[in-house]
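One structure is given below, encoded as C-alpha cells.
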Amino acid sequence: MTTIVWFREDLRLSDNPALFEAAERGDVLPVFVLENPDHCGETHPLGGASQWWLHHSLESLEGALGGLLLRCGDARIAIPALVQETGASAVYWNRCYEPRAIERDTDIKADLKQRGVEVRSFKAGLLHEPWELETKSGGPFKVYSPFWRAAQQKTVDKPLPRPGELRLAPMPGGESLSDLGLLPKKPNWAAGWDDIWQPGEQGAMARLKSFLGNDLKGYGELRNRPDLPNVSRLSPHLHFGEISPRQIHHETGLAEEEVDGLEKDAAKFISEIGWREFSYHLLYHFPTLPHTNFKPAFDAYPWRESADDLIAWQKGRTGYPIVDAGMRELWQTGYMHNRVRMIVASFLIKHLRLDWRHGEAWFRDTLVDADLANNSASWQWVAGSGADAAPYFRIFNPMSQGAKFDSEGTYVRKWVPELAALDTAFIHAPFDAPHAALEKVGVRLGDTYPKPIVEHFAARDAALAGYEAVKRGGEEAA
C-alpha cells in the first residue's frame, strides 16, 4: 500500500509523525508542492530569503530520503491528481496553522475522503495544538504569561525517531529543484550565505547541539547582547520544520540534567519557544492577525506615509547606528539579532510613525526565518496594537539601547564599518560627537554616514501624541 506523505513545513525525517506512520503502513511517496501565490489566493507569500532557504532545505531532504517528488501548482489540484496518477490509497501530512493553509487542507481532506482515500494529519510543528489550551472561561488566551503557565502544565510528547525502514514507492515525473526558481540570480543577493547557514535537518541538529554545549549558559542575560553568540539561531530551522519544538524541548532538558546551574537559562530558552507557541495560538484563533490591528482602537492611529523614510530604514541609512547595523545585518545575512529586531521595529513604528504592516512585509521578504505567526504577533506587540502588547508609551531610545546592549560598539562596528574607527563614547550617537572627533576618523555626517532622518525627542513626542488618539478612540468605543 502506497501512502503519499505531503511535506510542507516539516522538512525532516526525525520526529515526523506523518512520515513515521506512513512508513509503518507500507511504501512511501514523499512529495513537496510549491504553490504559486497568484493562483492560490496567498496574501502573505514566501519571501525571497525564505525561498533561498527552502531550496537548500529541499535539497537536503531529498538527499536524506533518497528521493523527493517536486510538483508546482495549487495543492488542491496537485494532491488529488497525484493520488489518481499513482493509485495511492492514503495521504498523510503534518498540520499547518496559517489561515489559508487550514482552508486549503480542509478542502483537500474533504475531496480525498470523498474519493475513498484515507487521510490523516498530525501534530508536528508545535508542542501543543492551538485548541488544546484555553482559559478558565473556555476561550483562547490573549496574554502570554497565563498561556505559558497553562502550557507548562501539559506533558510534552517525546520526539519520534526516524522511521526504522523507509521504502520509497515508484516515483512519477516531477519538477527538478532548479525548475522551482527559488534561488536569486541577477543579482545574487544571497552570495556568501552558504558560509553562514547550513539549511536542512543535519544543520539544524548541529546548530542545536552547538548552542546547548557552548552558549546556553548565561543565555538569560546574554541573549540581549548582539555582540555575543548566546542565541540559538534555530528560528529558520524551526520555521521550515528541519527540527521540531519537541526535539528542542527534549534536548534542552537533557542538557539541563547534564550540567549544573543551567536551570534558569534553560527555562528562559524554552520560554522563547513558548512565545512561538503563543503566536500560533493567536494566529489560529484570530486569523486576521497578520493584517488587522488586534486591538481595533489602533485603527485610529495617525500613521505617516513616507517612501523616503521607509527606504532609509530598509537600507540601514537612518543615522542611528544600532538601527542601521540591524537593518544591514538583515540584508547581508537574512537574519537579525532578536534584541535589535525590537529596536528597529520600535524605530519604524514610533520614531518614523510608519504602519507596522510595512515592517512586517519587509521582514517577511528578507528574513530566512520569516514566520507568519511570529512575525505578525511580534510586530503588533511592538506597535502596542497586539495581544499582550508592550505598553504604547515604551519608546526605545536607540542611543541608550545601543549603549546598554552593545557597550563597546562591537556590533555596530561590524555592520556599519564607516563608523568603525569612531571613539566608543560616540559610536551610538555620532551626531553628538565633536567635529574634530569625526574629522579625525574620516566621518562626515551627511556624506560618509547619514545624519539622523528624525530627531529622537521630537519623534517621541509625536508618537505619544498619536497614541493619545488611540487612547481616546478606545475610551469612546468603551
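In table form, for the structure just shown:
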{"item": "Phi to ³J(HN,Hα) by Karplus 6.51 cos²θ - 1.76 cosθ + 1.60 over region 82-87, Hz, x for Gly, Pro", "result": "5, 4, 5, 5, 9, x"}
{"item": "Karplus (6.51, -1.76, 1.60) ³J(HN,Hα), θ = phi - 60°, over region 198-211, in Hz, Gly and Pro reported as x", "result": "10, x, x, 4, 5, x, 5, 5, 5, 5, 4, 4, 5, 5"}
{"item": "Karplus (6.51, -1.76, 1.60) ³J(HN,Hα), θ = phi - 60°, over region 111-122, in Hz, Gly and Pro reported as x", "result": "4, 5, 5, 5, 8, x, 8, 6, 10, 9, 10, 9"}
{"item": "Cβ-placed point charges (K, R +1; D, E -1), dipole of the chain about Cα centre in debye, nearest 20", "result": "620"}
{"item": "Rel. contact order, % - alpha carbon contacts under 8 angstrom, at least six apart, the chain", "result": "17"}
{"item": "Theoretical ellipticity at 222 nm over the chain - DSSP helices of four or more residues, -39500 (n - 2.57) apiece, nearest 500", "result": "-14000 deg cm²/dmol"}
{"item": "Estimated inter-spin distance, GLN202 and ARG149, nm [label 7 Å along Cα→Cβ]", "result": "4.6"}
{"item": "Order of LEU58, LEU445 - criterion: other Cβ atoms within 10 Å of each residue's Cβ, fewest first", "result": "LEU445, LEU58"}
{"item": "Cα-based convex hull volume of region 264-401 per residue, rounded to whole Å³", "result": "115"}
{"item": "Contact order normalised by residue count of region 166-283, Cα under 8 Å, 6+ apart, percent", "result": "23"}
{"item": "Percent RCO, i.e. relative contact order, over region 229-344, from Cα pairs under 8 Å lying at least 6 residues apart", "result": "10"}
{"item": "Kirkwood estimate for region 318-376, i.e. one over the average of 1/r between Cα atoms, Å", "result": "11.4"}
{"item": "Debye equation applied to the C-alpha atoms of region 53-154, log10 I(q)/I(0) at 0.10, 0.15, 0.19 Å⁻¹", "result": "-0.43, -0.83, -1.06"}
{"item": "Cα Rg over Rh - region 296-477, Kirkwood", "result": "0.98"}
{"item": "Listed residue pairs exceeding 31 Å between alpha carbons, taken from LYS414/LYS440; LYS186/LYS440; LYS136/LYS404", "result": "LYS186/LYS440; LYS136/LYS404"}
{"item": "Value of Rg/Rh across the chain [Cα atoms, Kirkwood radius]", "result": "0.99"}
{"item": "Fully extended contour minus Cα-Cα distance, from HIS435 to LYS264, at 0.36 nm per residue", "result": "56.9 nm"}
{"item": "Scaled radius of gyration (Cα, divided by 2.2 N^0.38 Å) that region 93-209 gives", "result": "1.50"}
{"item": "Per residue, the convex hull volume that the Cα atoms of region 1-100 enclose (Å³)", "result": "101"}
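Values quoted throughout were computed directly from the atomic coordinates according to the rules given, and no laboratory measurement underlies them. Quantities reported herein were computed from a predicted structural model and do not represent experimental measurements. Glycine gets a Cβ as well: all are built from the backbone with ideal geometry, and neighbour counts include every protein chain shown.
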